[in-house]
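Notes follow the structure.
The values are calculated or read from the model by the stated rules, or taken from the named source; none is laboratory data. All values derive from a computational prediction rather than experimental measurement. A quick note on method: Cβ atoms are made from the backbone with ideal geometry, for glycine too, and the neighbour counts reach across all protein chains shown. To get the accessible areas, we keep the full protein, side chains included, count just its heavy atoms, and leave off ligands, DNA and RNA. Shrake-Rupley method; radii C 1.70, N 1.55, O 1.52, S 1.80 Å.
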Amino acid sequence: MNTSIYLHIPFCKHRCAYCDFNTYAGQEDSIPAYVDALIKEIEFVGRQRDSDSESQQGNDSTTRLYDYSTIHTIFFGGGTPSLLTAPQFDSILRALTSAFALTADAEISIEANPGTLNLQKLEDLRKTGINRISLGVQSANTEELRMLERIHDFFTVIQSVTEARKAGFDNLNLDLIYGLPEQSLASWKTTLSRIIDLHPEHISAYALTLEHGTPFGRWSTKGLLPIPDPDLAAEMYEYAEEFLEANGYAHYEISNWARDVEEGRKSKVESPTFDLRLSTPSFTCRHNLQYWHSLPYLAFGAGAHGYVDGYRYSNVLRIKTYIDRLTNSQSTNLPFPLSPATVNHHKQTRQDDISDYMINNLRLTQAGVAESDFRERFGVGLLDVYQKEIEELIHLGLLESKTSEVLKTSEVYRLTKRGRLLGNQVFVKFV
Ligand code: SF4
């Protein structure tokens, strides 16, 4: 089983008022030093993996379940990764390909903000091997974009999509946010119809959350910002489900929709199959599927989180500290996959792993949790662990079970339409 790599690029031109990601505005001068530090971290972790593997030879009890030398997805997230130049991406990708083997069909994604791209840059990015772009669109409404403090307007989105197509990108995701203060259903409908006019292969739509410590969080506590109406947000979500499926997008994860590869350009697809991930090649985000299937991933960069061999680990948050640690540290005796930037690492308990598996896999609205996969992973039946919880959730109409169309003999459990709206009520049962 191959693994995935996440790289965090914590730079933004402006810090949006709702954002609680680990990202910083006005520090773009540090980008060259940050890229150097990222490369050092990649080289360091690659060396540690090789020396760990050598010391493990002949010791079968520590044989790894996953192949940490072969990578099938790479994701540059942020922040605004598109603030990096194509040569900077090229040097990072060269470091990755010398430390790891990439599968021939590896998915290499970057997050990008419309307004940080132009045709020449997109062509240069495509030449580096990047083959998927996730554009932070958020809304097609000028007032909403202004309220979110985004630096682009919708015309810039149209330009970016058009130029990305010209540059040869045939796998685009457009990110949206709904449930904004004072956003109407009519405005959300307009955003969705403008988005599908652009024919992206993939669409993500997340409800706005008012996070503590952000200006939006503070303003709403003080009564300065109208709190989004949760019933209206639920109506917007249900509308997106119907509208996107009617327009050819299979709803494969609570907040994510993808075109089918075969049917990609047709306006409508038949009702998607039950086990989408197993039976239908599509433009699903393979990198995020790694998370949702609770499979391992390595992480590089300030504040990046990784998951390897049942360990979760994370790096120091601040850009300067990250650069200093990679530049000045002499430590060489850290076990794979830790680096001088690591500040936290802990082994998950078996129950943590089981809970995470349930919460992640139930997000997959069609694939859900397959009994056979659970048994293979944990050596015990799903109902032996969660019979009471599952029966209760089925009784409440939040979960349903069905015999898998692909796995034939296996029972699959997934969220009902109501369960998707009340996901947190379901997930809490498995913690
Ligand atoms: S552009 Fe994205 S990552 Fe950057 S501050 Fe705005 S929301 Fe956060």
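Got a sec? Which of 143, 149 is within 16 Å of the ligand (Cβ to nearest atom), assigned by TED's automatic domain parsing to the domain that holds residue 70 and surrounded by fewer than 16 Cβ atoms within 10 Å (Cβ to Cβ)?
Step by step, each of 143, 149 is checked, and only 149 is within 16 Å of the ligand (Cβ to nearest atom), assigned by TED's automatic domain parsing to the domain that holds residue 70 and surrounded by fewer than 16 Cβ atoms within 10 Å (Cβ to Cβ).
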TODO: Output the helices (runs of 4 or more DSSP H) that fall wholly within region 102-208 and possess 2 or more residues being over 27 Å from residue 15 (Cβ atoms), or say none.
DONE: 119-127, 154-166, 185-197
- [ ] Would you point out the residue of region 105-135, among those that are open to solvent by 30 Å² or more (accessible area, probe 1.4 Å) and modelled with pLDDT under 95, that is farthest from the ligand (Cβ to nearest atom)?
- [x] 105
Open item on the list: Need pairs with beta-carbon distance below 7 Å; first residue closer than 14 Å to residue 65 by Cβ and within region 365-378, second β-branched (Val, Ile, Thr) and at pLDDT 95 or above; sequence gap 6+ or separate chains.
Closed with: 378/354
- [ ] Hey, can you tell me all the residues within region 79-90 that are more than 16 Å from the ligand (Cβ to nearest atom) and closer than 18 Å to residue 302 by Cβ?
- [x] 88, 89
Open item on the list: Of all residues being in a strand (DSSP E or B) and open to solvent by less than 20 Å² (accessible area, probe 1.4 Å) in region 285-304, which is farthest from residue 81 (Cα to Cα)? Just the residue, please.
Closed with: 298
- [ ] Could you please find all residues in region 27-36 being under 17 Å from residue 321 (Cβ atoms) and either charged (D, E, K, R) or within 14 Å of the ligand (Cβ to nearest atom) (or both)?
- [x] 27, 29, 36
TODO: May I ask you to list the residues in region 1-18 that are crowded, with 18+ Cβ neighbours inside 10 Å and either farther than 14 Å from residue 84 by Cα or more than 8 Å from the ligand (Cβ to nearest atom) (or both)?
DONE: 2, 3, 4, 5, 6, 7, 8, 9, 10, 11, 16, 18
Open item on the list: If I ask for residues that are over 24 Å from residue 288 (Cα atoms), without any contact (Cβ under 8 Å) to a residue 12 or more places away in the chain and in a helix (DSSP H, G or I), which ones from region 221-257 would you list?
Closed with: 221, 231
